[in-house]
Amino acid sequence: QRAEWAKLRSEPSVTADGHHVELAANIGTPNDVAGVIDNGGEAVGLYRTEFLYMGRDKLPTEKEQFNAYKAVLEKMEGKPVVVRTLDIGGDKELPYLDLPKEMNPFLGFRAVRLCLEQQDLFRTQLRALLRASVYGNLRIMFPMIATLDEFREAKAILLEEKAKLIEEQIPVSDSIQLGIMVEIPSTAVMADQFAKEVDFFSIGTNDLIQYTMAADRMNERVSYLYQPYNPAILRLVQMVIDAAHKEGKWTGMCGEMAGDATAIPLLIGLGLDEFSMSASSILPARSQISKLSLAEMKKLAAEALQQRTAADVVALVKRATEDQV
Ligand code: PEP
Ligand code: MG
C-alpha cells in the first residue's frame with residue numbers, strides 16, 4: 001500500500017470518473033512545509049498562525065511574522081497558501097495579553113472578535129501578510145466569523161493597511177484571495193449571503209461540530225455528541241458548498257473531517273473543492289479518491305442527507321464503498 005501511495009506523490013487528485021479536487025495540508029510553522037511537499041500536498045489549506053504567538057512573553061513583531069509567512073510562501077513555490085489570521089482564545093491562551101477569565105471561553109472573546117478590538121495586533125499581522133504576499137500565492141482567511149459585519153470590518157482594515165503600504169511604495173500582491181472559516185452555524189446558514197462577498201469558504205468542522213451540537217470539543221463526557229456524520233452537519237456542509245458554487249466561489253474544509261476516510265466519499269459527493277488535512281493523510285486520501293466515482297458519490301451524499309442518525313450515515317457509507325475502503 002505504501003508503494004502505491006508513493007506513486008501518487010506527484011499525481012493530481014482525481015476521481016475514477018475524472019473529477020478533480022485539491023488536497024492540501026494544515027501546518028503550524030514554516031518547518032512543516034517540508035512534510036507537505038514530501039506527501040504530495042497541492043497547497044497549504046490552513047496555516048495556523050497561533051504558534052507564532054505562543055510559548056513566548058510578548059507579541060511577535062511585524063518582521064518576525066513577515067519572515068515566517070515569506071518562508072512558507074517561498075517554499076510552496078507558487079502553490080496556494082491559505083493563512084489564517086490569529087485564532088487565539090478558546091483553548092489557546094496568550095498569558096501576556098492579560099485577558100480576563102471567562103465562563104465559556106469557546107463562546108467568548110476569541111479569534112477575529114479579539115482582533116477587531118485589539119486592532120494594533122491585527123494590523124501588524126495584516127501588514128506582515130501583505131508584505132509577504134509578493135513571494136508566492138497568498139490567500140488570507142479570517143477565523144470565527146459569525147456575521148457579515150465582522151467580515152466587512154476585518155476586510156476594511158485589511159484594505160486600509162494595503163493602501164498604507166502602497167502609499168509607502170512597498171510592493172503588495174494584487175491577487176490575494178480573501179476568505180473566511182465557516183465554523184459557526186450562523187455563518188453556514190447565511191452562506192448564500194456571505195458567498196457574494198468572500199472569495200472562498202473553508203469549513204472548520206472541529207468548531208462547527210462543537211457549536212452545532214452544543215458539545216465542547218474538549219469534554220470527554222459529551223464526546224458522544226461530537227458527531228461529524230450527523231445529518232445536521234452534512235446539511236450545513238451542503239449549504240455552504242452549494243452557496244459558494246452558486247456565486248462561482250470555491251469551498252474547502254480544514255477541520256479533521258476533511259481527512260477522514262468515512263467522510264471523504266460524502267464530501268466528494270457534496271462537491272467539496274479542497275480538502276485540507278494533516279500531511280500524512282494526503283496520499284491515503286488521494287488513493288481513496290482515485291477509486292471513487294463522482295456520479296456515485298453524489299447519489300450517496302443525497303441519500304446520506306436523508307438519513308436520521310449519524311450511525312445510519314456511517315452504515316450507508318460502509319455499504320456503498322465496501323469494495324474500496
Ligand atoms: C476547525 O475549527 O475546524 C479548525 C480547523 O480550526 P481549529 O481546529 O484551529 O479551531
Ligand atoms: Mg476552529
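The values are calculated or read from the model by the stated rules, or taken from the named source; none is laboratory data. Everything numeric in this text was worked out from a predicted model, so none of it was measured. Here Cβ is always computed from backbone atoms with ideal geometry, including for glycine, and neighbour counts include all displayed protein chains.
Every residue, every condition in (1) out of contact with any Cys (no Cβ under 9 Å at 6 or more places or on another chain); (2) under 30 Å from THR212 (Cβ atoms); (3) surrounded by fewer than 17 Cβ atoms within 10 Å (Cβ to Cβ); (4) of a type outside the set (Phe, Trp, Tyr), yes or no:
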{"site": "PHE109", "(1), (2), (3), (4)": "yes, yes, yes, no"}
{"site": "GLU117", "(1), (2), (3), (4)": "yes, yes, yes, yes"}
{"site": "TYR135", "(1), (2), (3), (4)": "yes, no, no, no"}
{"site": "LEU138", "(1), (2), (3), (4)": "yes, no, no, yes"}
{"site": "THR147", "(1), (2), (3), (4)": "yes, yes, yes, yes"}
#### Entry: Hits in the stretch 13-28 (condition: of a type outside the set (Gly, Ala, Ser) and either crowded, with 19+ Cβ neighbours inside 10 Å or more than 20 Å from CYS254 (Cβ to Cβ) (or both))
VAL14, THR15, ASP17, HIS19, VAL21, GLU22, LEU23, ASN26, ILE27
### Task
Output the helices (runs of 4 or more DSSP H) that fall wholly within the stretch 89-208 and possess 1 or more residues being in contact with a Ser or Thr (Cβ under 7 Å, 6 or more places away or on another chain) and of a type outside the set (Gly, Ala, Ser), or say none.
111-117, 119-132, 185-189, 191-194
### Query
Given the stretch 279-325, what helices (runs of 4 or more DSSP H) lie entirely inside it while holding 2 or more residues that are under 10 Å from LEU266 (Cβ atoms)?
294-305, 310-320
### Query
Restricting attention to the stretch 33-52, and to residues there that are of a type outside the set (Lys, Arg) and surrounded by fewer than 20 Cβ atoms within 10 Å (Cβ to Cβ), which single residue is nearest to ALA279 (Cα to Cα)?
GLY35
### Task
Go through the stretch 178-220 residue by residue and tally those that are of a type outside the set (S, T, N, Q) and touching a Lys or Arg at 6+ places or on another chain (Cβ under 8 Å).
12
### Those residues of the stretch 53-65 which are crowded, with 19+ Cβ neighbours inside 10 Å, in a helix (DSSP H, G or I) and of a type outside the set (S, T, N, Q), in sequence order
TYR53
### Task
Identify, from the list ILE268, ILE241, the residue that is farther than 14 Å from MET181 by Cα, away from ligand 2 (no atom under 16 Å from the Cβ) and either within 18 Å of the chain's Cα centre (by Cα) or modelled with pLDDT of 95 or more (or both).
ILE268
